[in-house]
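The values are calculated or read from the model by the stated rules, or taken from the named source; none is laboratory data. Nothing here was measured: the structure is a model prediction, and the numbers come from that model. Glycine gets a Cβ as well: all are built from the backbone with ideal geometry, and neighbour counts include every protein chain shown.
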Amino acid sequence: MSLLSGLLDHLPPAVTSTDSTELRSRPEPHPRLVLANSVERPPQFSTSPHASAATATPEWRQARDQYLNHIMACRGCYAPTGRHCTVGAHLRASYDNTPMEAHP
């Protein structure tokens, strides 16, 4: 007898208020497996090698850093809901309008 079986002897049964013959008479539903077809979707984001902050333009990084530094310290800004103070709204607009990649 193991330690685990000794602990399980003191637990109540998993199913209460049912008769064991009633449980045996009900057929159990078997899970059904369905083959899923892959769906071709166009990429939502740019997959070019320049689509990262490490290779972004210095202007974009500066706009991002100014915006993030502001919203982390400002009690009037709450980015998840889109609530910004006047300064935060201007910084967010600047961040959104600054191109990430330099276009030749």
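Pick from region 25-75 the residues that are of a type in the set (Gly, Ala, Ser) and part of a loop (DSSP other than H, G, I, E, B): which of them is modelled with the lowest pLDDT?
The qualifying residue modelled with the lowest pLDDT is Ser46.
Report the residue count in region 80-104 for those that are in contact (Cβ under 8 Å) with a residue 12 or more places away in the chain and more than 22 Å from Ala54 (Cα to Cα).
3
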